[in-house]
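Chemist: Questions regarding the structure given below will be posed in turn.
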DNA sequence: TCCATGCATATCCGTACACGGATATGTGGC
DNA sequence: GCCACATATCCGTGTACGGATATGCATGGA
């Protein structure tokens, strides 16, 4: 299962959201989803692992899961391909409107098309 | 079907890739995927439409599809949430390297909310 | 050393739905 | 009426997702 498929499941995205705050043990994650059985959560974690989205570390008797930021690189790469065009669109719009105001959110460095 | 599910299919991502270059008529897209039937492509386009990823315009007897950049906003938003942490990680790493501190393997213990 | 904890894995079962082709039909524009 | 599609079915296959259950397996503690 590739990155995009792994991310297509809401539960797995929620798991990643939890892990984005801090690493958590498998059991902790399972308890965060009471409607999911232990093997069920374990399956989700397996998919996330195989997609390279999480990383496991053994600590005592626990398996501590942490987010692997690099695992999101494929999505980021795919998306930036579009972001370039997107921002080009927005830039054109801004230029057209000529509001003269800066982007309030001041997104990360607006990489222009090379 | 939500945005992430719509993007989980490789064919649909390829369609978006084509549309990122220029708008195309439905038939044109269909011909780009010879192994897909006409109703088959039409179904994919429907999913992309309902996910807000493409936009249709009637031109003569053709349906011209174009990418809706805003449709990718949910993915971008979701991803930037992580990109911030990602960059924070890199920053922390830099800070760590600058300060010449302890064990470099304690990476995962360090993810924290800003 | 024996046992409980904390998981991962393996089945089996069942439901649901994605994806595909094939075919038929509907529809708006020319 | 023809073209370019969209939609609707029906069919079939594959597989995701879920629970339930049993087992494997390492670690840490009594």
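Chemist: Counting each pair of different Cα atoms once, what's the Kirkwood radius of region B:2-94 in Å, rounded to one decimal?
Modeler: In region B:2-94 this quantity evaluates to 14.5 Å.
Chemist: Rounded to the nearest 0.05, what FRET efficiency do residue B:50 and residue B:28 give with R0 = 25 Å and r taken as the Cβ-Cβ distance? Could you check?
Modeler: With R0 = 25 Å, the Cβ-Cβ based efficiency is 0.75.
Chemist: Determine, for B:75, B:15, B:64, the number of other Cβ atoms within 10 Å of each Cβ, and report the residues in order from fewest to most.
Modeler: Final ranking by Cβ density, sparse to dense: B:64, B:75, B:15.
Chemist: Here's a follow-up. Can you compute the FRET efficiency between residue A:85 and residue B:2 using 1/(1 + (r/R0)^6), with r the Cβ-Cβ distance and R0 = 25 Å? Round to the nearest 0.05.
Modeler: That pair, residue A:85 with residue B:2, gives E of 0.65.
Any read-out appearing in this document is the output of simple, stated calculations on the displayed coordinates, not a laboratory observation. Fair warning: this is a prediction, and the values are worked out from it, not measured in the lab. Cβ: placed from backbone, ideal geometry, glycine included. Neighbour counts: every protein chain shown.
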